[in-house]
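First the structure, in the form of structure tokens, and then the observations on it.
Every number here is computed from the coordinates shown, using simple stated rules; none is lab data. None of the values given here were measured: they were computed from a predicted structure. We place every Cβ from the backbone using ideal geometry, glycine too, and count neighbours over all the protein chains shown.
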Amino acid sequence: MLVLIVRFTIITALITGFLDIRPPAKETHGEVSASFGENNTALASYTVSEGYDYATRVLRDPWDMSEYTDINQWLNHTGPENYLLNIQVQDGIFSAYSSSGGSYFFALYPGYEPGMNNGKIGRILPINSSLYSCFYLAMQVQNPAAAYYQFTWGDASVVPSVWGMPYGLNLTNEIWKLYRVDLRTWPYISGTMWTARSAWQNLSVVPSLTGSTPFAIDWLRLTNCTPVYVNLSDLPANIYDLWLETTSPVHSIMALEGFTPQPNGSYAWDVQGIQPGTYTYSVKLTGSSNTIQQGQLTIVPTTIMNFTQPSPLSGPDFATSYSNPWDMDISDIVRIDCASWGIQNGILSIETLPPATIDPACIGDSANESDPRIFLNVPGFSYPSAFRYLSYSANIDGVWSAIEVGMIVRMFWILDYNGLPCYYVSRAISLDVGWYTYSADLYDPWNGYPETVFPTGCPVETWRDQDQVGPLILYDIEPNENVTDYTFYQDFDWFRLTMPDQVTQGQPFVVMLSINKPASQVRSVEYYYTNDLAQPMQHLAQRYITQPGPYITYLPLALSTYNSANPISSNIINFVWDTTGVSIGEYYICALAYDGYNQSLYCSESLVKVNG
């Protein structure tokens, strides 16, 4: 089963990162204008596309250090002697202090091994090693004794059994520098070669192999090694360094060290490892502050598309179908055991004492954990297994996530099996500190398989097949399994169990996209539907066109650029899909966008069901 899951997730990662399906009508890689000052310093302006980056194309979330989520998963789980301290993520910079040469963070976390597969983890979205092979790290370290940094790739375990790492990665003290490693050709590798496996689920970074080292990281990129060239010119014969000046916050990054131009004064500068943005660049004599040439570089970001419809949150909801959505008012709660709680302004807040001080009746059997339960209001003898996606919005206090000490959530439910109450416990969903929205596909064979079923004689069925057992008679959420010596403080905004989005064959369905830039900057978007993510462009989706007549209900037209039907949200694009002629079935929706520089293709995470 796990082999099949890994194969499926590899295909998903390849497809959600797929690019350049076909060339656009015209693609501009550089627009250059140059003038010359009194000192023959060229003032040029270059605008180019972004390099093809794994985190951008597959995770839909570049490692740009703009959010704590870029580095926070499984943070500081190797003991206090290896902690990262003074952690800050601010203004697009991740900074911290390495306690030892074993202090590290995950860029790609493989996932919580006993738990459900959900979120931006390596088990769902592995790195295709034949596609992504060029590693870039924009970093500053401040320790003269710090000589090397390191990173490691691995299989689907937090402590991988199959792993590899390059060594001999030199650090330059004090200055900001863009480090580059081509994993196809780097000569010094310990363990398994990067290309020896088709995919890796784990990528971690050790900023310094020397302890007591302050460091700061601006970005990390893993590209397909295809150059994005800026063609510099009019450089006198010499050896140069290239520097980038950033504005927020202000710092200078050595982007290239010790290059020599061609005899005609030209140099093809590959900028694929630089994150999108606008920079002032300076060509300086190597090892000096003498600027020979200066200009502006703009790298246009890839259009990242997230589907808000269809999505795990947009389909028909179980509790709403019974006229009582779980939006956290008092009518949603039957009772809460083993925790103090209250509801205010639509937020459920609970406090769970540690097992040493909680009522002994609230201690669980598996790890002597505190075992609180939120019993949600459900209609008696209902059938929820048609509702595929579990989602919730939650917050938990803490400095970093501590999954192994009980920062997890589970489902618990009871089914009536011919008069016998059968008890089912799901796998865990790990929690991050702070507010997040979590979603899990319960039709995934791993996610939907119950971790515990009792008593003996109860059928062991996945969530998809729960209706074969019998109707639901009780449903609760177990918000944590606290095994610490301190109280857990949590908040929940809502819970949902949803079906895939539904549409009747021949009727319009509104596809909604949220993008990372103003919609007016996107030249075109084409839409497709597919029942196989390995074929994202399987069928072209036809736009629904309203017909004139006295009884027509208006629907917004599909727009390939700016969404005038929703001008308040300029980063929203809607498309109205005409399902006339579409075969009955379930489909992912895929969108191919072009912004004049980058072409990108993304598919929905959930399905649309076309009914007859």
Exercise. Using a simple charge model, +1 on the beta-carbon of Lys and Arg, -1 on the beta-carbon of Asp and Glu, nothing else, what dipole does the stretch 53-223 show about its Cα centre, in debye to the nearest 20?
Worked result: 440 debye
Exercise. Counting Lys and Arg as +1 and Asp and Glu as -1, each charge on the Cβ, what is the dipole of the chain about the Cα centre in debye, to the nearest 20?
Worked result: 1600 debye
Problem set entry | chymotrypsin sites (Phe, Trp or Tyr not before Pro) restricted to the stretch 110-192 and DSSP loop, no more than 16 other C-beta within 10 Å | Tyr167, Tyr188
Problem set entry | Dipole of the chain [Lys/Arg +1, Asp/Glu -1 at C-beta], most positive-end residue of Leu171, Ile429, Ser66 | Leu171
Exercise. Distance from the Cα centre of the stretch 429-464 to that of the stretch 104-118, in angstrom?
Worked result: 16 Å
Seminar exercise, completed: A chain fully extended from Ser524 to Gln344 at 0.36 nm per residue, minus the present Cα-Cα distance, gains in nm 60.4 nm
Exercise. So what's Rg/Rh here for the stretch 318-498, counting alpha carbon atoms and using the Kirkwood radius for Rh?
Worked result: 0.94
Seminar exercise, completed: Projecting the Cα atoms of Ala402, Phe106, Thr195 onto the charge dipole of the chain, where Lys and Arg contribute +1 and Asp and Glu -1 at Cβ, the residue farthest towards the positive end is Thr195
For this session: Could you tell me the distance between the Cα centroids of the stretch 233-291 and the stretch 360-424, to the nearest Å?
Result: 55 Å
Exercise. So what is the 222 nm mean residue ellipticity for the chain from helices alone, if each DSSP H run of at least 4 adds -39500 (n - 2.57) and you divide by all residues, rounding to the nearest 500 deg cm²/dmol?
Worked result: -1000 deg cm²/dmol
Exercise. Which entry in (1) 32.1, 90; (2) 26.6, 92; (3) 30.8, 99 matches Rg and Dmax of the Cα atoms in Å derived from the coordinates of this structure?
Worked result: (2)
For this session: Name the longest site-free stretch of the chain, where the excluded sites are trypsin sites (Lys or Arg not before Pro) in a DSSP loop with no more than 13 other beta-carbon atoms within 10 Å.
Result: 185-612
Problem set entry | Where Cα atoms sit under 29 Å apart: lysine pairs in the chain separated by 8 or more or lying on different chains | 6
Seminar exercise, completed: Here FRET efficiency (C-beta to C-beta, Trp435 to Gln262, R₀ 45 Å, nearest 0.05) is 0.25
Exercise. Separation between the Asp91 and Tyr148 pseudo-spin-labels, each 7 Å from Cα along Cα→Cβ, expressed in nm?
Worked result: 3.4 nm
Seminar exercise, completed: Per the charge dipole of the stretch 318-498 (beta-carbon charges, Lys/Arg positive, Asp/Glu negative, Cα centre), the residue among Asn324, Cys338, Ser393 reaching farthest to the positive end is Asn324
Exercise. What's the angle, to the nearest 10 degrees (0 to 90), between helix 2-16's Cα axis and the longest principal axis of the chain?
Worked result: 50 degrees
